[in-house]
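Okay, so here's the structure we're looking at.
Read-outs: derived from the displayed coordinates by stated rules, not from any lab. These numbers come from a predicted model, not from an experiment. Heads up, the Cβs are rebuilt from the backbone with ideal geometry, glycines too, and the neighbour counts pull from every protein chain shown.
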Amino acid sequence: MKIFMDTANVEEIRELNEWGIVYGVTTNPSLIAKTGHSQEDIIKEICQIVDGPVSAEVISTECIGMVEEARKLSKIAPNVVVKIPCIVEGLKAVRILSAECIATNVTLVFSLAQALLAASAGATYVSPFVGRLDDIGEDGVQLVEDMVNVFRKYEFDTEIIAASIRDLEHVDRVMLAGADIATIPTKVIHEMIEHKLTDAGLKKFLLDYENSKK
Ligand code: G3P
């Protein structure tokens, strides 16, 4: 499972990119709004840092507007992926963009049926929102697992990005479910490296090394 960063914070992306673990980035209008900068400026900067796919979301809710926005966004850098909401107009836009070889990430996916429609329209990626399903008492990870099984069975090329990841348990469970990618908030990526036994073990190794020199 590849790790994408789910943030529009350029400093965070620059820092974690040095770890060598960032395969891509996803943003959305809420994350861009937090930066106080324009989407174009932020996406341009992220694409200078990260070679992999960088998702930027459209604001239009009509097919023609989405397609126009997508064409502009895709000109920012070759690795831009256009995020399209999972609505009827979005499906129409995905079909057109797919024919133009513009990569798409169908977002706000909450059911297997929506995932099938997005993949059928030619989406490059689909993003099931794990945490938001949990928020309404459903099992978000189960949707990811079901999507993995269905996409494998019917041999869809569309990749599954587990999104709305909130904690380490989500990361572990979507990995076990077979998600192609998890897009993870920076805070949770920092938690992924932590283990008290690593810290204790390292402390002991260094202490033993120091003592051996005496
Ligand atoms: O990738 C989608 C993500 O940004 C939404 O996360 O925590 O707002 O549900 P959240």
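List the aspartates and glutamates whose Cα sits under 20 Å from the Cα of LYS72, skipping any in the same chain fewer than 8 residues away.
Reachable aspartates and glutamates: GLU40, ASP41, GLU45, ASP51, GLU57, GLU62, GLU89, GLU100.
Suppose every K and R has +1 on its Cβ and every D and E has -1 on its Cβ; what is the size of the dipole of region 116-159 about the Cα centre, in Debye to the nearest 20?
Here region 116-159 has a charge dipole of around 160 debye.
In debye to the nearest 20, how big a dipole does region 1-104 give about its Cα centre with +1 on each Lys and Arg Cβ and -1 on each Asp and Glu Cβ?
Rounded to the nearest 20 debye, it is 320 debye.
What size of dipole, in debye to the nearest 20, comes out for the chain about its Cα centre when the only charges are +1 on Lys and Arg C-beta atoms and -1 on Asp and Glu C-beta atoms?
Dipole of the chain, to the nearest 20 debye: 300 debye.
Which pairs break 25 Å Cα to Cα here: LYS44/LYS187; LYS2/LYS83; LYS75/LYS187?
Violating the 25 Å Cα-Cα cut-off are LYS75/LYS187.
Roughly what angle does helix 88-99 make with the longest principal axis of the chain, taking Cα atoms, 0 to 90 degrees, to the nearest 10?
Result, in degrees: 80.
Once you compute Rg and the Kirkwood Rh from C-alpha atoms, what is the Rg to Rh ratio for region 1-150?
We get a ratio of 0.96 for region 1-150.
Pull out a ≥ b ≥ c, the square roots of the eigenvalues of the alpha-carbon gyration tensor of region 141-214, then state rounded if a/c is under 1.5, prolate if not and a/b is larger than b/c, and oblate in the remaining case.
It comes out prolate by the Cα gyration axes.
Under 17 Å from the Cα of LYS153, which aspartates and glutamates turn up, not counting those fewer than eight places away in the same chain?
The qualifying aspartates and glutamates are GLU145, ASP180.
On a 0 to 90° scale, report how tilted helix 39-49 is relative to the longest principal axis of the chain, with both axes built from alpha carbons and the result rounded to the nearest 10.
With rounding to tens, the tilt is 50 degrees.
In deg cm²/dmol and to the nearest 500, what is the mean residue ellipticity at 222 nm of the chain if only DSSP H runs of at least 4 residues count, each as -39500 (n - 2.57), divided by the residue total?
-16500 deg cm²/dmol
Any idea what angle helix 112-121 forms with the longest principal axis of the chain, computed on alpha-carbon atoms, 0 to 90 degrees, nearest 10?
60 degrees
Please give every one of the lysines within straight-line cross-link reach of LYS214, meaning a C-alpha to C-alpha distance under 22 Å, and leave out same-chain neighbours fewer than 8 residues apart.
LYS203, LYS204
Short version: ³J(HN,Hα) in whole Hz for each residue of region 199-212, in order, from phi by Karplus 6.51 cos²θ - 1.76 cosθ + 1.60 (θ = phi - 60°), x for Gly and Pro, what are they?
Each residue of region 199-212 in turn: 5, 5, x, 5, 4, 5, 4, 5, 5, 4, 5, 4, 5, 5 Hz.
Find the relative contact order for the chain and round it to a whole percent, using C-alpha pairs within less than 8 Å whose residues are 6+ positions apart.
Across the chain, relative contact order equals 17 percent.
Order of SER38, SER55 from fewest to most other C-beta atoms within 10 Å?
SER38, SER55
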